[in-house]
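Q: Take this structure first; my questions come after.
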Amino acid sequence: MKAVARIALAAGLIAAEASLWYAYDRYGAGFHHLVHGLLGAGSGLVALVALRLGGRATGVPPWAAASAGRVLAAVPDMLFLSLDLPHARWMDVFVAHIAVHFVPAALAVVLGAFALAVAACAAVLLGRRRLAGGAAALAVAVVAVGLAARDPIPSSLAELRARPEYACVLPALTGPTGAGPAGAG
Amino acid sequence: MTLAGAVAAVAIAAGLVLAYALDPRAALEDPVRGLRQLDLLYLDEPAPLLERLGHRPGEVLVVVVCEGCTAPAVAASVTVTSDAEVAAAYALRRADGRVGPGYALVDGRGRVRYRTFDPGLADHGPEVAVLVAALR
């Protein structure tokens, strides 16, 4: 790909991601943007690695695989914003969109998985097939363990009252109105 | 993808996560803390203390629990309360004993279907509206 095309592609991807960030940030949902973005992009890369190890998708560049995964993970939020469709448990088909919220230290987990997925992709492109397979498998394992360790979604007010972590212990909430720092939410 | 590109991608992602984690807003946005803004109707039980909240059968009610806040602009019945007992009943009492800010959604049958803390609820009318519409 020529340099100008590369720059244009990079600019387009950055602009698209920035517009997504703005859409999330309007609702104080930066956490969601990062979690779904990293998990989705990482999943796309792992899928590409798996296909390449099987001798397929050799013409698909990593940025396309990562972007496809990223978009897939954000579908429920796009449905919410554009079609007024609330989230539902079945939306876990979109890269564990609901379940990932409840993974312990979710941001750290998806960041680690993303790093492993990137390493796997680089390895497969460099012909290091065993390393690629190992890194990809480890990325999947990290997410799988995180999902297995997650708490279930509460189903009653009594359950919410009984769990201190749902009582909003945030020190950043101050003042009589509970208003947070400027720009919050 | 070159090795340099891979390192750059991970470094950028890590930088974004770190920048976010250091932002004071980050603690407010964790969806598990206070089960914030999950946007999934995860409750379905009789709404407590309805007699205090002005619920009319057949109508969706937004119960806003906070001290001196502005309710979100939404086309539905809205009750704003700082009643500590209501806050406790709807699990919107903070660990420091303060009330909200957050809200619960009660459907036309008088069943609570959703509850969330939301420090920015005054600006999140469109988000609330989607959930209210789903309850009609």
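The values are calculated or read from the model by the stated rules, or taken from the named source; none is laboratory data. Being a predicted model, the structure only gives us computed values, none of them experimental. Cβ placement follows ideal geometry from the backbone for every residue including glycine, while neighbour counts extend to all protein chains displayed. These area figures cover heavy atoms from the full protein model, side chains too; ligands, DNA and RNA do not enter into them. Shrake-Rupley method; radii C 1.70, N 1.55, O 1.52, S 1.80 Å.
Q: Using a probe of 1.4 angstrom, how much of the accessible area of chain B is carbon and sulfur, in percent?
A: That share works out to 58 percent.
Q: For the protein assembly as shown, what is the percent of antiparallel DSSP beta bridges, rounded to the nearest 5?
A: The antiparallel fraction comes to roughly 70 percent.
Q: While we're on this one: If you line up the Cα atoms of chain B on their principal axes, what length do they span on each, largest first, in Å?
A: Ordered largest first, chain B gives principal extents of 64, 33, 25 Å.
Q: Would you mind working out the magnitude of the charge dipole of the protein assembly as shown relative to its Cα centre, with +1 at each Lys and Arg C-beta and -1 at each Asp and Glu C-beta, to the nearest 20 Debye?
A: The dipole of the protein assembly as shown has a size of about 1180 debye.
Q: Assigning unit charges at the beta carbon (Lys, Arg +1; Asp, Glu -1) and nothing else, what dipole magnitude in debye, to the nearest 20, does chain B show about its Cα centre?
A: Roughly 160 debye, rounded to the nearest 20.
Q: With runs of 4+ DSSP H residues as the only contributors, calculate the mean residue ellipticity of chain B at 222 nm using -39,500 (n - 2.57) per run, divided by the residue total and rounded to the nearest 500.
A: -8500 deg cm²/dmol
Q: Helix B:125-134 versus the longest principal axis of chain B: what angle, 0 to 90°, nearest 10, using Cα atoms?
A: Approximately 60 degrees, to the nearest ten.
Q: Normalising by the residue count of segment A:30-94, find the relative contact order in percent from Cα pairs under 8 Å and 6+ residues apart.
A: Relative contact order of segment A:30-94: 36 percent.
Q: Here's another thing I want to ask about it. Per residue, what accessible area does chain A have, given a 1.4 Å probe and all protein chains present, in Å²?
A: For chain A, the solvent-accessible area averages 47 Å² per residue.
Q: Can you pull a Stokes-Einstein diffusion coefficient for segment B:49-98 at 10 °C (1.306 mPa s), Rh from Kirkwood over Cα pairs, as a whole number of µm²/s? Intermediate results must be reported in sequence, preceding the final value.
A: Numbers: Rh = 11.6 Å.
D = 137 µm²/s.
Q: So what are segment B:80-136's ellipsoid semi-axes, whole angstrom, largest first, if each one is the square root of 5 times an eigenvalue of the alpha-carbon gyration tensor? Intermediate results must be reported in sequence, preceding the final value.
A: Details: eigenvalues 84, 42, 12 Å².
Output for segment B:80-136: semi-axes of 20, 14, 8 Å.
Q: Which residue, A:Gly12, A:Gly40, A:Gly30, has the most motion in a Gaussian network model of chain A that connects Cα atoms within less than 10 Å?
A: Its mean-square fluctuation being the largest, the pick is A:Gly12.
Q: Separate question: Which residues, if any, in segment B:77-94 lose at least 50 square angstrom of accessible heavy-atom surface (probe 1.4 Å) when the other protein chains sit next to their chain rather than the chain being alone?
A: Residues shielded by partner chains are B:Arg94.
Q: Helix B:3-22: angle to the longest alpha-carbon principal axis of chain B, degrees 0 to 90, nearest 10?
A: For B:3-22 against chain B, the angle is about 40 degrees.
Q: If you don't mind, another one. With only alpha-carbon atoms counted, please give the Rg and Dmax of chain A, in Å.
A: Reported Rg and Dmax, both Å: 18.8, 62.
Q: Find the all-direction average of the projected area of the Cα convex hull for the protein assembly as shown, expressing the result in square nanometres with one decimal place.
A: On the way: hull surface 66.5 nm².
The orientation-averaged projected area of the Cα hull of the protein assembly as shown comes to 16.6 nm².
Q: Note the buried accessible area between B and A here, summed over both chains, with a 1.4 Å probe, in Å² to the nearest 100.
A: 4700 Å²
Q: How much of the accessible area of chain A, in percent, comes from carbon and sulfur atoms when a 1.4 Å probe is used?
A: Details: 6060 of 8670 Å².
On chain A, the fraction of accessible area on carbon and sulfur atoms equals 70 percent.
Q: Here's another thing I want to ask about it. Quick check: net charge around A:Leu81, other residues with Cβ under 12 Å of its Cβ, Lys/Arg +1 and Asp/Glu -1?
A: -3
Q: Would you calculate a helix-derived [θ] at 222 nm for chain A, using -39,500 (n - 2.57) for each DSSP H run of n ≥ 4 and dividing by the full residue count, to the nearest 500?
A: -21500 deg cm²/dmol
Q: Could you tell me the relative contact order of chain A? Use alpha-carbon pairs under 8 Å, at least six residues apart, and round to a whole percent.
A: Numbers: 196 pairs, mean separation 39.2, N = 185.
Answer for chain A is 21 percent.
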